[in-house]
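Chemist: Please read through the structure below; I'll follow up with questions.
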Amino acid sequence: MVLNNNLKMNRERLEQQQVADIALRIADLNVYYGESHILRNVDLSVPVGQMVCLIGRNGVGKTTLLKTIMGLLKPRTGNIIFVDKDITNLATDRRAKLGIGYVPQGRDIIPRISVKDNLLLGLEAIPGGRKSNTIPQEIFDLFPVLRTMLSRMGGDLSGGQQQQLAIARAIMGKPRLLVLDEPTEGIQPSIILEIEAAVKRIIKTTGISVLLVEQHLHFVRQADRYYAMQKGGIVASGDTADLSQEVIQEFLAV
Ligand SMILES: Nc1ncnc2c1ncn2[C@@H]1O[C@H](COP(=O)(O)OP(=O)(O)O)[C@@H](O)[C@H]1O
Ligand SMILES: [Mg+2]
């Protein structure tokens, strides 16, 4: 009996430990657009401090999954756990304030305000709101090009610069989990490498976790783990170190 109790305590401790090590846990998620069944029984986890990449061809449901994580779409079934909190039914702004930073596909910066004001908008995600008017040095360390562009209009930046601005704005909110939807789409190769390096540096210096949707193989390889999606379901997963040619050909548009 004593032994049983010890075993039980050990198991509970282990389970708590495992909960603490997971930044995001998605279980049995089903999402519909009207009557179209888009996401099917999706399970996916992002361990703390790791980068997880979701791959899959156009139209399989990757953006739908990220929108559901952010609360922009409601799942019909399933749960979304952020660290130790069930956020399945929380409003989007509450999720942001809990520490989920989101960079949507197509970046979504505001073209008619300055780069600096775009960055300051990122502070809205910090509980208690906007208290400062300065951009931390850390942002310019990550994206040096933004320093020289602070007074430009967001819409005057190149595509690659806008993407860097969008990621920087998310970082301004000091997220614990960063969710990126195809950050290199339509961006020239040299800037892709800069964005990759910045994301890796963010992980290294802040211990943040990242969920990345990406088509660019070099960037996918920077992640620790991958999940492959087909027709709204997860059909393969593993360490990116073990990514086979077969998986690459099937799930990436290379
Ligand atoms: N607003 C919408 N209304 C209805 N169907 C949609 C909507 N947005 C996306 N879809 C459909 O959902 C499926 C998944 O889309 P999406 O999540 O954007 O795929 P991905 O990001 O993998 O390219 C596609 O078949 C798409 O046509
Ligand atoms: Mg998409």
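The values are calculated or read from the model by the stated rules, or taken from the named source; none is laboratory data. Everything numeric here is computed off the predicted structure, so don't read it as measured data. As a convention, Cβ positions derive from the backbone with ideal geometry for all residues, glycine included, and neighbour counts pool all protein chains shown.
Chemist: For segment 220-240, enumerate the residues that are at negative phi and in a strand (DSSP E or B).
Modeler: Listed by number, the residues that qualify are 225, 226, 227, 228, 229, 230, 233, 234, 235, 236, 237, 239.
Conditions tested, residue by residue: (1) within 16 Å of ligand 2 (Cβ to nearest atom); (2) in contact (Cβ under 8 Å) with a residue 40 or more places away in the chain; (3) surrounded by 17 or more Cβ atoms within 10 Å (Cβ to Cβ).
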site: 34; (1), (2), (3): no, no, no
site: 56; (1), (2), (3): yes, yes, yes
site: 71; (1), (2), (3): no, no, yes
site: 89; (1), (2), (3): no, no, no
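Here is a yes/no grid of residues against (1) surrounded by 16 or more Cβ atoms within 10 Å (Cβ to Cβ); (2) closer than 17 Å to residue 104 by Cβ; (3) within 17 Å of the chain's Cα centre (by Cα); (4) among the aromatic types (Phe, Trp, Tyr):
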residue	(1), (2), (3), (4)
178	yes, yes, yes, no
185	yes, yes, yes, no
190	no, no, no, no
211	yes, yes, yes, no
216	yes, no, yes, no
231	no, no, no, no
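Chemist: Do we find a residue being within 16 Å of ligand 1 (Cβ to nearest atom), of a type outside the set (D, E, K, R) and assigned to a loop (DSSP other than H, G, I, E, B) anywhere in segment 43-54?
Modeler: no
Chemist: In addition: Which residues, taken from segment 107-146, are within 21 Å of residue 202 (Cα to Cα), at pLDDT below 95 and basic (Lys, Arg)?
Modeler: 107 - this is the single residue of segment 107-146 that is within 21 Å of residue 202 (Cα to Cα), at pLDDT below 95 and basic (Lys, Arg).
Chemist: Which of the residues belonging to segment 69-85 are more than 15 Å from ligand 1 (Cβ to nearest atom), touching a helix residue (DSSP H, G or I) at 6+ places or on another chain (Cβ under 9 Å) and not aromatic (Phe, Trp, Tyr)?
Modeler: 71, 78, 80, 81, 83, 84, 85
Chemist: So, one more: Name the residue, out of 122, 99, that is within 17 Å of the chain's Cα centre (by Cα), within 24 Å of residue 61 (Cα to Cα) and not β-branched (Val, Ile, Thr).
Modeler: 99
Chemist: A further question follows. Quick one: which of 66, 29 is part of a helix (DSSP H, G or I), buried (at least 17 other Cβ atoms within 10 Å of the Cβ), hydrophobic (A, V, I, L, M, F, W, C) and within 15 Å of ligand 1 (Cβ to nearest atom)?
Modeler: Going through 66, 29 in turn, just one is part of a helix (DSSP H, G or I), buried (at least 17 other Cβ atoms within 10 Å of the Cβ), hydrophobic (A, V, I, L, M, F, W, C) and within 15 Å of ligand 1 (Cβ to nearest atom): 66.
Chemist: If I ask for residues that are within 16 Å of ligand 1 (Cβ to nearest atom) and either hydroxyl-bearing (Ser, Thr, Tyr) or within 23 Å of residue 206 (Cα to Cα) (or both), which ones from segment 93-106 would you list?
Modeler: Residues satisfying the conditions are 102, 103, 104.
Here's the yes/no breakdown for (1) acidic (Asp, Glu); (2) farther than 25 Å from residue 63 by Cβ; (3) outside any helix (DSSP H, G or I):
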| site | (1), (2), (3) |
| --- | --- |
| 146 | no, yes, no |
| 155 | no, no, no |
| 162 | no, no, no |
| 169 | no, no, no |
| 175 | no, no, yes |
| 180 | no, no, yes |
| 190 | no, yes, no |
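Chemist: How many residues are of a type outside the set (S, T, N, Q) and within 16 Å of ligand 2 (Cβ to nearest atom) when one looks only at segment 153-206?
Modeler: Summing the residues that are of a type outside the set (S, T, N, Q) and within 16 Å of ligand 2 (Cβ to nearest atom) in segment 153-206 gives 9.
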